[in-house]
Amino acid sequence: MTDMTTNDMGATASPQDAAVPGGSEEKRLGLWLTLPAQLLVIFIALFPILMQVYISLTDWSPLDGIPWYRAYELWIGLLNYADLANDPRFWSAMWRTCIVMAICVPVQFLLGLGLAILFVDDFPGRRVLYSTILVPMMVVPAVAGYMFFMLFQSGGPVNDILSFFAGRPVTIAWLSDPDLALFATIVSDIWQWTPLMFLILLAGMVSVPQDQQMAAVLLGASWWRRFRTIVLPRMKTIIIIAVAIRVIENFKVFDNFYIMTGGGPGVATETISIYIYKVTQQELIWGYVAAIALAILIVLSVVSALAIKKLRSA
Amino acid sequence: MTHHPRFSRRRFLSAAAQTTALVAVSSPLVLRPGRARAASDLAQGMIGGPTGFPGAERYQYGPDTPEGRAIEAVKALKAAGKAPERIVLGLSDGSIGQITQPFPEGAPSVKDLWEQETGITLDIVGVPNGQEFTKVMQDVSTNGGGFDIYAVEWNRLGDLAETGGIIALDDFVAAHRPEWDDPERGYVNGKQGVSLLNEYRGTVYGVSLDGDFQTWNHRTDLFNDPNEQKAFADKHGYELAPPKTWKQHDEIAAFFHRPDQGLFGSTDLRNQGWGYTNWYQRYVSMDAPNQFLFADDGTALINSEAGWQATQEYVDSLSHHSPDAISWGWPEQYGNFGNGGAAMTCAFSNLPKFLDNPANEGSKVTGKVGSHLPPGREHDDGISARTVLWLNLTACVSSQSDHPEAAYLLLQWLGSSRIYSWMTANPSGYFDPFQLANFADPLVRETYHDYHMDVVRESVERTVPTINYPGATAFHNALDENLMAALTGGMDAEQAMANTERQWKRIARRVGEDKLIEAIQANKAAWPTVMDPASS
Amino acid sequence: MQRSLSFEIFRYAAIFTFLALSLIPTIWMISMAFKPIAEWQASGADLTWWPENPTLDNFRFIFGESGSDLIVALERTAGRPILASLLAATFGTLIAMVAGTSAAYGLSRFGAGGNLPLALIQLRIFPPMAVMIPVMIMWAFLGLIDTWYGLALIYGIVTMPFSFWLMKTFFDDMPREIEDAALVEGCSRWRVFLKITLPMMRPALASSALFVFILNWSDYLIALLLTTRDWVTIPVYMASLSSSMTGQLYGAKAALGLIAAVPPVIMGIAIQKQLVRGLTFGALKE
C-alpha cells in the first residue's frame, strides 16, 4: 500500500511542478477552478476532524445521555489511544485488511493486465466480449454479497461445480470456516473489481504508441522483453493509477464482506471498516471510535506525505 | 421478534393492495374524528374496539379498561388542544403488517381503528431488519427528532434509558392505569413480568409489544414414525420423544442427523449475534434452579466448570447441524425448516404460525410441526429446563417527542390485552403473544396452533432474561465473539470463558459497577424457579 | 496486420475461460431473479442452475404486487428506493464531476491547489465509517439526514477524488499545443477551457462519470447511516427483503439486483462510443 501511494504521488504530482508559470489571470482562474473542490474538502474535513480530536480525548458514548459537545465531562486524556495501542482486535483487523489488499490487488492487476493485453487490438467479437467482461462492475456490491452468500453455501453452486469436476459430492462449508470464509470474501472482491482494473489498464495500453503491433509483439520470441521495455514503462502512470485506486478502495472494503459474513465467523473476515462499524453501532464507545479514526488518519497522512517527499526528491 | 415482513394469506392480498393504496392517500382522507359508528356495531357497554367479524366483542372495551381509558384520555387531550396531528412510530418492517392489515375478514386494521377513534394519524416508519437500534441511536445522538415512538429490542432498554433518549413513563402509568399485571389478562408472572419487560431499574421505560420467548419445535412426522421409534429405542434404550434433557436432545439430534438426505438433527442457531441464545439455554440450566451469569456482587460466573461444559456442549452440537451453521441466520433456519431440512430447532414462537400454515404453499412441513419445552438438566430436585427471552420488541417514547402523553396512550392502547390479542392473532407480522389473555384467545390459538400455544406459555414460565443491563450489547458481543472463536476452533472452551470474563470486567468498569449491580439484581428477580419432575 | 492462428486460439480460450468463471455469480443472480419461490432454497442434489418454472413474480413482488407463489406482501415497494438511488447517485456524480474536473484542470494547467492531490487521496482512502459519527451530527444539524440532496452531497464529496485523479491524468497527457494555439488567437483561458478543452475531454469525462456513478450507485454504508425512511436507497432497502415464511427472499433480492444493474449498464452502453474514444485518448499525443 505504501509503495503504491508513493508511486502514485510522485508520478502524477510531477506535471504540476512543471506547470506553466502563468500571469495573474491564469493564477486567478486556477484558484477559481480549484475552489469548489477546496471548499468541499474543508467542509467535510474541518468539523469532523475537530470533533473527532475532541471526543477522542473523552470516554464519551451516546449512551451517557449527554450531547457530544459536553463530552469534556468525561475527559480521559490519551487513554483511548493507549487502549488502541493494546487493542488486538484493531490491529488484527488492520493486518487482515492489509492481507486482503495484498491478495486482491495483485490478482486483480495480473488478471486485468492479462485481459488488457488480449484486448488491445481488434478481433471479431471484441466489443461484445469487452462489454461482457465489465458486467460484474455493474452489479451492486450489496447484491453481490447476497449472491456470493448463496454461492458459497455448502450445498450451493460453487460446491456443485467442484463436485462436477471432482466426480464426487463436495460439501465444503466455505463461510463457516475462518480461512475459507476469508478466501470466499476475497474471491467476491476479485470478481467484482477485476473489470475495473482491466478497463483502466486497457485504456492505458491502447494509448501506448505502436499499439497495433502489440499482439504481434506478443508472438515474437522477445515479446516479454519488448513488452517490459516498451509498453510497461509507457503505461507506468496508468498502472500506478489503477493499482492506487484499488488499494484505496480495498482498504475500506465493507459491503460485500459485511453482507456475506458480517465479519465472521468470529472476526475471521473483519476488515478495518467492519471493525469500526461494529464498535460504532454495537459497542457505541464513540470516543474510542474517534481515536481509531484519528490514528488511521495520522498514519495515512504520514505515509502519503513521506511518499510525496521521497518522490519529489527522486 | 423482529425479522419477518408481514405475510398475508392469499385472501388478504387484495385487501393488502387496498390498504397500501389507502395508506398512500391517507393524509387527505384523515378520518373525521366525530364520525359515530352505529352503536349496534359494538357490544353492549362497549365504547370502542374492532367490529365486523364474529368474535369481535372479545376485543372491544368499555370505559373502565386500559384501552377505554387510553382512548378517552386521548380525546380529552384533543379537546384541550394538546394532541398531535400524527404520531410517528418507528417499527421493524416485518411488524407493520399487523397494524396495517385488516384481520380477520371484515375487520378494520389496527391503524384504521386507532385513527377512527382518536382522529390522530398513525404514521409508521419501517426500519429494516436488525437496524432498529442503529436507527434509534442515530435519531438520539443527532437530535433528529424523527420519531415519537421507537420500537427496539427489549434488552436495549437499559442502554437506551441511559442515553436520555427515551422518557420514563411512570407518571403516565399512574394516571392511566394500563393494568399490565392483571392476573387474568395481563403479563405472565404478573408484576415480575412487567418489571422484566417494561422496566429498567424500577422505572417504566417501555411497553412490550412482543413475546420472543425462544421455543423448541420438532417434526411430528419423524418423531411419530414407528420405524424411527423402533430404530431409536433399539439404539438408545428409551422411547423416542421430544427431549427433556440436553443429553437426550443431543442423542436425538445425532440420531436424525442425515445430511446426505437433506436432514439435519437440530438447527438452533450458531451464528454471530444470535447463536449465543442457545449457549444461554445450556448454561443457565447448569444449576438448580438457575446457573446465573453474575453473582450478586457483580462477579462474572461464567469462567467456571458450568461455563466450560456449556461451551463444550455448544461447540460439540455443531456435529448435528448444517455444515453452514455458523453462517446461518434465522432466514436460513426458517427456510430450511420449512423445506423439511431439520428434525428439531429452537426459534421465535412464531415459527409454527409461519411454517405450519396451509397458506404457506412453499412450506413442506405444514401439519408436521410439534412443539416441546426446552431441554434441561437433572438436578437433585428435578429438571431445570430453561429458555431465553431474546430480541422482543418494546416500544419507548422518544424524549424528542412533542406529545409524549399521546404517544404513551397509543402504546397503552396497543399493548393492552384486548387490542394486543386481536393484533397478535393477525398473521401478517411478528408481534408474538405474551399476555395471559393472548394465550387464551381463540383467534390467537388458531393462528399459532393449539399444540404450540400451551408450550409457549409453559416456556414463558421457564424463560431466563438475557442481559438487559446497561452495556448489554457490549456484554453480549464479548460473549458472542469468544463463543464464535470456540465454535471455529480458534480457542478451547476454557479459554473462551476466561476471555469473556476478562472482557466483561472491562465493560463493567466502563458502565459503572454500582449501576450494574443494581441492574443485575433487578434482572435476577425475574429468573424462573420452576423445576420439572425428573424423567422416569 | 499479422496474427497467428495459435495466438487467436489462445486469446479466445483465455477470454472464454475468464468469462466462464466471472459470469457464474451474474448468471446465478439472473437465474434466481426468475425462479419461483420453491426453487430458491434448493441446495445439494436439488440445486438447479436454471429456473425450472420461470416466473416474473419476483419482479411483480418488489413493486408491490403479490405473485401467485409469494405469500408475503411488502410494506414498502422498491419504487421509491430506486428513485432515491437514481437521484442521489446522479447528483452526487454531477457534484463530483464538476468539482473534480475543474480542480484537476486548475492544477494541471495553472498549478493551483497543490494541496489537493494529497488532500483528496486522504479523503478517498479514509474509511467513511470512521467519520460517520461527526458526519451524521453535521448532516442532522444541516437538516440533510434522509434527503436525496444530503446523500448526493456526501456522495459528490467522497467520489470527487476519483474524478479529480482520473481527469488530472487526462489533462496531464493532453497536448497543450491546441490550447496554446487558441490562446494565441485571442481566446480567454475560460473560453479555451469551456470551448476547446472540455469538448476534447468528452470521452474522458464520460468514462470518469461512469466510474463515479457506479461508485455512488453501489454505496451501502453511507446510505445506511444517513437515511431513515423516505430516501432509503436500493442496497439499504435490500435488507427488507426477507421473511419468516421463506427466509431470505433471494428471488426478490436477485430481481432487484438485476434492476439495479440496469442504470450502470445503460450508461455503459450509452457512452460506449465515448468509452472507446476515451480509451484511445492518449494516442493523441503522437
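Which lysines does residue C:168 reach when only Cα atoms under 16 Å apart count, and residues fewer than 8 places away in its own chain are ignored?
Qualifying lysines at Cα under 16 Å: A:236, C:285.
Please list the non-local residues whose amide H lies under 5 Å from the amide H of residue B:286, H modeled 1.01 Å from N, same-chain partners needing a gap of 5 or more.
B:291
Rolling a 1.4 angstrom probe over the protein heavy atoms, how many square angstrom per residue are accessible across chain A?
Details: 12350 Å² over 314 residues.
Roughly 39 Å² per residue, with all protein chains present.
Let's test the formula: R0 of 25 Å, r as the Cβ-Cβ distance of residue C:149 and residue A:39. What FRET efficiency results, to the nearest 0.05? Present the calculation step by step, with values, prior to reporting the outcome.
Values: r = 16 Å, r/R0 = 0.66.
Given R0 = 25 Å and the Cβ-Cβ separation, E is 0.90.
Leaving out ligands, DNA and RNA, what percent of the accessible area of chain A is carbon and sulfur, probe 1.4 Å? Could the numbers behind the result be given before it?
Values: 8270 of 12350 Å².
C and S fraction of accessible area: 67 percent.
Which lysines, if any, have their Cα less than 20 Å from the Cα of residue B:230, not counting same-chain residues under 8 positions apart?
Reachable lysines: B:244, B:247, B:368.
Quick one: order B:280, C:149 from most to least accessible surface, probe 1.4 Å.
Details: B:280 0, C:149 115 Å².
Result of the area sort, largest leading: C:149, B:280.
Separation between the residue B:82 and residue A:309 pseudo-spin-labels, each 7 Å from Cα along Cα→Cβ, expressed in nm?
Label at residue B:82, label at residue A:309, 6.7 nm between them.
Using 0.36 nm per residue of separation minus the Cα-Cα distance, give me the extension gain between residue B:260 and residue B:366 in nm, one decimal.
On the way: separation 106, 0.36 × 106 = 38.16 nm, distance 2.28 nm.
Computed gain between residue B:260 and residue B:366 is 35.9 nm.
Quick check on the stretch B:33-129: take the gyration tensor over C-alpha atoms, sort the square-rooted eigenvalues as a ≥ b ≥ c, and tell me if it's rounded (a/c under 1.5), prolate or oblate.
Values: a/c = 2.11, a/b = 1.16, b/c = 1.81.
Oblate shape, in that a/c is at least 1.5 and b/c is the bigger or equal ratio.
Taking θ = phi - 60°, what integer Hz values does the Karplus form 6.51 cos²θ - 1.76 cosθ + 1.60 yield along the stretch C:161-169, in sequence order, with x for Gly and Pro?
x, 5, 5, 4, 5, 5, 5, 4, 5
Using θ = phi - 60° and the Karplus relation 6.51 cos²θ - 1.76 cosθ + 1.60, list the HN-Hα couplings for the stretch C:256-263 in order, rounded to whole Hz, with x at every Gly or Pro.
5, x, 5, 4, 5, 7, 5, x
Based on alpha-carbon centroids, what's the gap between the stretch A:99-167 and the stretch C:92-120 in Å, whole number please?
Here the answer is 33 Å between Cα centres.
State to the nearest 20 debye the size of the charge dipole of the stretch B:43-129 about its Cα centre, where the only charges are +1 on K and R beta carbons and -1 on D and E beta carbons.
Details: 7 positive and 11 negative charges, 48 e Å.
The dipole of the stretch B:43-129 has a size of about 240 debye.
Please report the buried accessible area for the interface of B with A, total over both chains, probe 1.4 Å, in Å² to the nearest 100. Don't skip to the answer; put the middle values down first.
Details: alone 19960 and 18120 Å², together 36000 Å².
Using a 1.4 Å probe on protein heavy atoms, the buried area is about 2100 Å².
What figure, in Å² to the nearest 10, do you get for the accessible area of residue B:114 with a 1.4 Å probe and non-protein molecules left out?
0
Counting only other residues whose beta carbon sits under 9 Å from that of residue B:185, what net charge do I get with K and R as +1, D and E as -1?
Around residue B:185, the charge tally is -2.
Taking amide hydrogens as modeled 1.01 Å from N in the peptide plane, which residues meet the under 5 Å criterion relative to residue B:263, leaving out close sequence neighbours?
When sequence neighbours closer than 5 places are left aside, the close amide H contacts are B:258.
Cross-link candidates for residue B:135: which lysines have Cα within less than 29 Å, leaving aside residues fewer than 8 places away along the same chain?
The qualifying lysines are A:252, A:278, B:82, B:111, B:353, B:505, B:515, C:253.
If you plug each phi of the stretch B:324-337 into the Karplus form 6.51 cos²θ - 1.76 cosθ + 1.60 with θ = phi - 60°, what whole-Hz ³J(HN,Hα) values come out, in order, with x for Gly and Pro?
8, 2, 5, 9, 8, x, 4, x, 5, 4, 5, x, 5, 5
What total accessible surface area, summed over both chains, is buried at the interface between chains C and A, computed with a 1.4 Å probe and given in Å² to the nearest 100?
Numbers: alone 16050 and 18120 Å², together 24720 Å².
Accessible area lost upon association: around 9400 Å².
Pick out, from B:144, B:279, B:519, the residue whose Cα sits farthest towards the positive end of the charge dipole of chain B, with +1 on the Cβ of Lys and Arg and -1 on the Cβ of Asp and Glu.
Selected residue: B:144.
With the contact rule set at Cα under 8 Å and sequence spacing of 6 or more, what percent relative contact order holds for the stretch C:88-247? Numbers along the way, then the final one.
On the way: 160 pairs, mean separation 59.5, N = 160.
Relative contact order comes out at 37 percent.
Kindly report the accessible area of chain B per residue (heavy atoms of protein chains, probe 1.4 Å, no ligands, DNA or RNA), in Å².
Working: 17560 Å² over 536 residues.
In whole numbers, chain B has 33 Å² accessible per residue.
Leaving ligands, DNA and RNA out of it, report the carbon-plus-sulfur percent of the accessible area of the stretch B:292-336 at a 1.4 Å probe.
Working: 760 of 1400 Å².
The value for the stretch B:292-336 is 55 percent carbon and sulfur by accessible area.
By how many nm would the segment from residue B:451 to residue B:168 lengthen if fully extended, with 0.36 nm per residue of separation less the alpha-carbon distance?
98.0 nm
Could you work out the relative contact order of chain B, using alpha carbon pairs under 8 angstrom and six or more residues apart, expressed as a whole percent? List each step's numbers first, then the result.
Numbers: 1030 pairs, mean separation 122.6, N = 536.
After rounding, I find 23 percent.
Could you name every residue in the stretch A:251-268 that has 30 Å² or more less accessible surface in the full protein assembly than in its own chain alone (probe 1.4 Å, ligands and nucleic acids excluded)?
A:252, A:254, A:255, A:265, A:266
Pull up all non-local amide H partners of residue B:379: gap of 5 or more, or a different chain, and H-to-H distance under 5 Å with H placed in the peptide plane.
B:384
Taking square-rooted eigenvalues a ≥ b ≥ c of the alpha carbon gyration tensor, is chain C rounded, prolate or oblate, where a/c under 1.5 means rounded and, failing that, a/b exceeding b/c means prolate? Write down the numbers at each step before the final one.
Details: a/c = 2.72, a/b = 1.45, b/c = 1.88.
Judged from the Cα gyration tensor, chain C comes out oblate (a/c at least 1.5, b/c at or above a/b).
Give me the inter-chain shielding for B:159-169: mean count of other chain Cβ atoms within 10 Å, whole number please. Write out the running numbers ahead of the final one.
On the way: counts 4, 3, 2, 5, 7, 6, 3, 0, 0, 0, 0.
Neighbouring Cβ atoms belonging to other protein chains average 3 per residue here.
Residues of chain C: accessible area per residue at 1.4 Å, in Å²? Write out the running numbers ahead of the final one.
On the way: 9920 Å² over 286 residues.
Result: 35 Å² per residue.
Using the crude model of +1 on Lys and Arg Cβ and -1 on Asp and Glu Cβ, and no other charge, please compute the dipole size for the protein assembly as shown relative to its Cα centre, in debye to 20.
Values: 82 positive and 106 negative charges, 890 e Å.
It works out to roughly 4280 debye.
Rounded to the nearest 100 Å², what's the accessible area chains C and B bury against each other, both chains counted, probe 1.4 Å?
On the way: alone 16050 and 19960 Å², together 33130 Å².
Chain pair C/B: roughly 2900 Å² of buried accessible area.
The values are calculated or read from the model by the stated rules, or taken from the named source; none is laboratory data. On a predicted model such as this, the values are computed, not experimentally measured, just so you know. Cβ sites come from the backbone with ideal geometry, for glycine too, and all protein chains shown count toward neighbours. These area figures cover heavy atoms from the full protein model, side chains too; ligands, DNA and RNA do not enter into them. Shrake-Rupley method; radii C 1.70, N 1.55, O 1.52, S 1.80 Å.
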